[in-house]
Amino acid sequence: MSPSVSGRRLRAAALASAALLLTGLLSGCSGSSSARDKKPHAAGSSAPAASTTPAAPDDAYRRWGLDKPLAAPPAPPATKLLQDVRPGGTPRTVRRIPTQDKVVFVTFDDGAEKDPEFLKMAKDLKLPFTMFLTDSISRAGSGYGYFDQLRALGNGVDNHTLTHPDLRTLSADAQRREICGQQDALEKRLGTRPALFRPPYGNYNDATLTAAGGCGVRALVLWEVTMQINDMRYAQSDKLRPGDIVLAHFRGPQELKGTSMTRMVTNMLRSIQRQGYTVARLEDYL
């Protein structure tokens, strides 16, 4: 065999060996990558491993402008205020809840503003409140679906008439239509007949109590404190008292001089906290 032929065969053998080595290296990288891909929630995966990721601090209160979280309310009383009020009888008129607990009760009326940010706020802060809805107002815009979402968080929905009239100006029959009509509408929607009723403007008379009782209402709920844009207004004092019921409204920037509903609620909650109180669920005491 000539030296030139022998040299060509040696070079060909070397090239073949190099190709085999390169193929083995590439195959090894691919296999390693495939094995890593099969590991659940590996580093760099789009699904993080929950078991190795520390829980984020609960800073929801900071996002909504509070200095600290809302304190958990104490356990509700074993004896309820309405336990002796029979359906069909005269409703009890409630302005405050008799308690020594440093709690107040937040209520929202009408249903005009349907701010999605307030829905987020209520969920983040786990804020308990009771809604007194007027049918003609609540139906506007996105309708009752907004309040269904707030109710799903554990908040009560109760009666504030069909059209928000001053009941004292109406006949007994007209009052009955306003109150019982909204009772029927809410029962159809919620599956239960509301036990609580708030007369528009806080105005009522004996005919109101008779009509409400006949529709299944057990309490006519008034208030001692009203939420303002920047603070609160007190009927009997210059500060909160245990068991105060706070009147607020579903209102937006147009009615609040440019202030959002969430900003107004933040101002109210900051005042409640400054005075050493927290918010409890009204229905837990009634």
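The values are calculated or read from the model by the stated rules, or taken from the named source; none is laboratory data. Predicted model only: the values in this text are computed from it and were never measured. Note: ideal-geometry Cβ built from the backbone for every residue, glycine included; neighbour counts use all protein chains shown. SASA here: full protein model, heavy atoms, side chains in, ligands and nucleic acids out. Shrake-Rupley method; radii C 1.70, N 1.55, O 1.52, S 1.80 Å.
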- Can you count the Lys pairs in region 74-137 with C-alpha separation below 22 Å, eight or more apart or on different chains? 4
- Measure of exposure for residue 142: accessible area at 1.4 Å probe, Å² rounded to 10, is 80
- Going 7 Å from the Cα of residue 140 toward and past its Cβ, which residues in region 205-249 have a backbone nitrogen under 16 Å from where you end up? 249
- Task: With θ set to phi - 60°, apply the Karplus curve 6.51 cos²θ - 1.76 cosθ + 1.60 along region 70-84 and write out the HN-Hα couplings as whole Hz, x wherever there is a Gly or Pro.
- Result: 5, 5, 5, x, x, 4, x, x, 6, 9, 8, 5, 9, 5, 9
- Item | Options 216, 186, 240, ranked by Cα towards positive dipole end of region 185-259, top entry (Cβ charges) | 186
- Item | Estimated inter-spin distance, residue 63 and residue 230, nm [label 7 Å along Cα→Cβ] | 2.8
- Efficiency of FRET between residue 123 and residue 80 - r from beta-carbon atoms, R0 30 angstrom, step 0.05: 0.65
- Query: Which net charge results for the neighbourhood of residue 206, defined as the other residues with beta-carbon distances under 14 angstrom from its beta-carbon, given Lys and Arg at +1 and Asp and Glu at -1?
  - Reply: +2
- Considering amide H positions built from the backbone, and no H for Pro or chain starts, which residues 5 or more places from residue 113, or on another chain, come under 5 Å of its amide H? 250, 251
- Query: For residue 218, which sequence-distant residues (separation of 5 or more, or a different chain) have an amide H within less than 5 Å of its own amide H, given hydrogens modelled in the peptide plane?
  - Reply: 196
- Note on the structure: Everything considered on the Cα gyration tensor (a ≥ b ≥ c; rounded for a/c under 1.5, else prolate if a/b is larger than b/c, else oblate), region 60-115 must be described as oblate
- SASA check, residue 135, accessible area w/ 1.4 Å probe, all protein chains in place, rounded to nearest 10 Å², comes out at 20
